[in-house]
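The values are calculated or read from the model by the stated rules, or taken from the named source; none is laboratory data. Bear in mind that the values here come from a model prediction, so they are computed numbers and not experimental data. A quick note on method: Cβ atoms are made from the backbone with ideal geometry, for glycine too, and the neighbour counts reach across all protein chains shown. Side chains are part of the model used for accessible areas, which takes the heavy atoms of the whole protein and leaves out ligands, DNA and RNA. Shrake-Rupley method; radii C 1.70, N 1.55, O 1.52, S 1.80 Å.
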Amino acid sequence: MSAPSPGTESSPAGVLRVAVDCPLRRLLDYLPPAGQRAADLPRGARVRVPFGPRSAVGVIVAHAQGSALAGGRLRAVTALLDREPLLDAALLELLQWTASYYHHPPGEVIAAAIPAALRAGQSALAEEEWLEITAAGVGASLAGGPQRAPRQRELLMMLASLPAGIRLAQLDALPPGARPAARAIAKRGWARLTVRAADAATAAAAPAATARGTALSTPPEPSAAQSLAVAAIDAAAGHYGAFLLQGAPGSGKTEVYLRAVARCLERGASALVLVPEIGLTPQLLERFRARLPVRMAVLHSALSDGERLAAWREARSGRARVVIGTRSAVFAPIPGLGLITVDEEHDSSYKQQEGGCRYSARDVAVRRAQQAAVPVVLGSATPALESLHNARLGRYRLLPLPRRADQAAAPHLALIDLRAHAVHQGLAGPVTQAIGRHLAADGQVLVYLNRRGYAPTLLCTSCGWIAPCSECDARLTVHREAAQLRCHWCGATAPLPTRCGRCGFAVKPVGQGTERIAETLAAMFPDAPLLRLDRDTARGAAEIEAVMNALLDGSARILVGTQMVTKGHHFPGVSLVAVINADQGLFSTDFRAAERLAQTIVQVAGRAGRGARAGEVMIQTEYPEHPLLQGLINGGYEAFAAGALEERATARWPPFSRLALLRASARSAADALGFLRAARACAGDRPPVRLLGPVSAVMARRAGRHHAQLLLEHAGRGELQRFLDAWLERVEGLPEARRVRWALDVDPLDIQ
Ligand SMILES: [Zn+2]
Ligand SMILES: [Zn+2]
């Protein structure tokens, strides 16, 4: 409880400082309900409060004795919604830290961490839907169940062994198809749905191993390096320690996570497992479920509101002992947290890049581990340069995971000079020949190109017209299968023209996208079944999984894809990887582009040669002498990273400095740049930080708005933070701020 500061008026019953979901960068003060004292309402509990002309649900963050608002103007809380705190003290502190570090309104940060139904004021105590067997169902199970519907039969048999029934949410832990099977047997009158209050007693009635209906699998024998890594993490139990687990693709990082989590569970603690957006596959979940004999809560962006609420309650109640999820799961409530793991810690999906609070889940995870005094494991084959730097400084302990003895040798990387060979439809002669050779030898081929669509440009061969987006500074991409032109920046679409929009002459697609490379390869190798994987062919996890399975079972021999093919999946049959264009990352204005390119090449190369034979990787480039590519070819990611860190140190880029980016957009360039110039002026004549800009973004006009930015830099994190605190208050008050949309991005990943 803080003493009233000068200018505040004290209130006998005390004051509640409440986070309300609104764009204000501060907490709001309220009086307790009549006849109550503020101290009786717990921090972390939700309250209903008057907010302007309406009412809102907020969370009590702090108690105070007084308020800067005069007593007569303070309004009172209208209702307390939770007798017990919804958010415990540790989580509340983490959310406050996040709001403060990323300079985002605390009410919005806290609201984003709570499921929608709870934000609307619904009870935090769960009512749950249960499925239980009926007398008719018992009869049917004794008769052997429906013979032609195996999933229904399995579910019916399971229900027959669980007279208390099974929570509907638990069906998601079963192999796919359990929910439709449940609906089917309910329709047959063999089971009924009931609603019960959730409590620990009913949870205990259905032990996890039974509910899963699968036996636990036997773990593989760990390598010496895996055992050492697990022992090191385990020895840190009960206090903070950050580990950087660096292992080549296929070296068994997941096995280390599994074993470390198992040890944590044995101790009675719970674990938080973070994975990148695209890494949360049914395969991975199945592997965790098959190894860990506890309930798990799964949190990711594709959940419905109801599913998110159920998973969140499972986590908060402590019934789920492992919480596995993508970015926002870092804010999941986990009583008794004992370990955090962050898989593919370099992955950009950990950073919220658009809308809301632009936090890094990896960095918040490290902070959470510090605060909870538990170990945190960051794993990657290609760690972010920031993480490698932290390991060099001794802040993180490096746990190297070399290739396993039973693994194939490292893939052989070769640069293919696009200037020195005949190139047909984007494919150099040696690459086409290698594809033929590998297919003939029964191998599979992975072709990587980070550009979806048929061709990036539609060109008039007579007048030089190029199909532009009317709303962006972008060219429209040709999508031939959909017979459309599409803007990859704003999503605008138009029918695919056959004639020039200016002179009426014939137009032709120029350049290569995945669709066109796939078409070319299908014509060259008509006998090899080919699949394509990009955001046009696969939108959800199930579609991605289907493509992956076709490659795994050999029904596809060639896979052409974007970034999606580079992550997490094991393809033991792939013997050749072709990188169609490495040059996009070599000459970017973004200082991180080279790092991303190196990570992509190493990750995609890691898909090859996981079976018995070493893989071959061919990288097409017009700049084979480029030092980045040479370093990568000759010394691997370590050599690249060492060189790149030296360059960053010279140029004073992160991790040798700290950045914040103030972005603004407006209908006119003048408004966007005018606001940023005024913001720069707020820093004074001799600002303690370096300010760069304002400048227009590289792709300045997007969706009809002009985008511009102002970059702030300082060697010290604390100094930059202190400057931002004072500066943002002035920026917020600028009259120009009302004419633009603006947002601050602390530790930005993308600075173009
Ligand atoms: Zn023309
Ligand atoms: Zn556009």
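The portion of the accessible surface of the stretch 281-390 made up by carbon and sulfur, rounded to a whole percent, is 48 (1.4 Å probe; DNA, RNA and ligands excluded). Between the stretch 216-282 and the stretch 55-78, the C-alpha centres lie 45 angstrom from each other.
Tell me what the chain gives for mean residue ellipticity at 222 nm when only DSSP H runs of n ≥ 4 count, each as -39,500 (n - 2.57), the sum divided by the residue total, rounded to 500 deg cm²/dmol.
Mean residue ellipticity, 222 nm, calculated: -9500 deg cm²/dmol.
The mean sequence distance of close C-alpha pairs (under 8 Å, at least 6 residues apart), as a share of the length of the stretch 215-277, puts its relative contact order at 34 percent.
Which percent, nearest 5, of DSSP beta bridges in the chain are antiparallel?
Antiparallel bridges make up about 55 percent of those DSSP assigns within the chain.
For the pair A743 and R499, label points projected 7 Å from Cα toward Cβ lie 4.3 nm apart.
For the stretch 542-622, relative contact order (Cα pairs under 8 Å, six or more residues apart, normalised by length) works out to 37 percent. Remark: the stretch 175-183, residue by residue, has Karplus-estimated 3J(HN,Hα) of x, x, x, 5, 5, x, 5, 5, 4 Hz, where x stands for each Gly or Pro and the curve is 6.51 cos²θ - 1.76 cosθ + 1.60 at θ = phi - 60°. Averaging the sequence gap over all C-alpha pairs within less than 8 Å and six or more residues apart, then dividing by the number of residues, gives the stretch 556-676 a relative contact order of 24 percent. Cross-link reach is defined here as a Cα-Cα straight distance under 25 Å, omitting same-chain residues fewer than 8 places apart; for K351 the lysines meeting it are K253, K567. Using the 1.4 Å probe convention, the accessible area of the chain works out to 43 Å² per residue with neighbouring protein chains retained. Taking all protein chains as shown and a probe of 1.4 angstrom, R652 keeps an accessible surface of around 110 Å².
Only protein atoms count toward the accessible area here, which uses a 1.4 Å probe; on the stretch 446-489, the carbon and sulfur part of that area reaches 43 percent. So if we plug the beta-carbon distance of H239 and S161 into 1/(1 + (r/R0)^6) with R0 = 51 Å, what FRET efficiency do we get, rounded to 0.05? Rounded to the nearest 0.05, the efficiency is 0.75.
Split the accessible area of the stretch 636-752 by element, probe 1.4 Å, and carbon with sulfur accounts for 49%. When only alpha carbons of the chain are considered, Rg and Dmax amount to 28.3, 86 Å. A Förster radius of 35 Å combined with the Cβ-Cβ distance from Q147 to D442 puts the calculated FRET efficiency at roughly 0.35. So the label point goes 7 Å from the Cα of S217 along Cα→C-beta, right? Which residues of the stretch 156-194 then have their backbone N under 20 Å from it? Within reach of a label on S217, which here means backbone N under 20 Å from a point 7 Å along Cα→Cβ, the stretch 156-194 contributes 172-178. Net charge of the neighbourhood of Q147, taken over other residues with C-beta under 14 Å away and scored Lys/Arg +1, Asp/Glu -1, is +3. Between L401 and Q246, G247, A248, the built amide H atoms are under 5 Å apart, and every one of these is 5 or more places off in sequence or on another chain.
Kindly state, to the nearest 0.05, the FRET efficiency for R730 paired with E638, given R0 = 41 Å and r defined as their beta-carbon distance. Rounded to the nearest 0.05, the efficiency is 0.35. Centroid-to-centroid, using Cα positions, the stretch 404-455 and the stretch 516-533 are 13 Å apart. Between H346 and A384, the built amide H atoms are under 5 Å apart, and every one of these is 5 or more places off in sequence or on another chain.
Summing charges over all other residues whose Cβ lies under 13 Å from the Cβ of P282, with Lys and Arg as +1 and Asp and Glu as -1, gives -2.
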